[in-house]
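Trainee: Have a look at the structure that comes next, please.
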Amino acid sequence: MGGIVLTGADSATGRFRWVQAIEDSILLTDTGETAGNLVDIINLDGKTLPAGSGLGGEFTKVQISSGTVIAYYA
């Protein structure tokens, strides 16, 4: 179990269980691929994930438009 750091306008696909914000990060939706996208599942497009906070669940895609997060693999 590891993770991947996403920074700036970045995205990753895979099986993720937790997303931790290292700094304030804006979550982004990818309209071309909605199934399993973290933001689409819980409707957080354009919302800020504050530094130090996290989201848990089972996601297949994590995308941000700014900030830094760590997406932890399931």
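Trainee: At what distance in nm do the modelled label points of THR60 and THR13 sit from each other, each positioned 7 Å from its Cα along Cα→Cβ?
Mentor: Calculated label separation equals 0.9 nm.
Trainee: Based on the mean of other Cβ atoms within 10 Å per residue, sort peptides 64-71, 21-28, 10-17 so the most packed one is first.
Mentor: 64-71, 21-28, 10-17
Trainee: Could you compute the net charge surrounding THR68? Neighbours are other residues with a C-beta less than 12 Å from the C-beta of THR68; K and R count +1, D and E count -1.
Mentor: -3
Trainee: Around LYS47, which amide H atoms from residues at least 5 apart in sequence, or from another chain, sit under 5 Å from its own amide H, with H modelled in the peptide plane?
Mentor: LEU27
Where a number appears in this text, it was derived from the coordinates with a stated rule and is not lab data. Bear in mind the structure is a predicted one, so any value in this text is a computation, not a measurement. Positions of Cβ are backbone-derived with ideal geometry, glycine not excepted, and every protein chain shown enters the neighbour counts.
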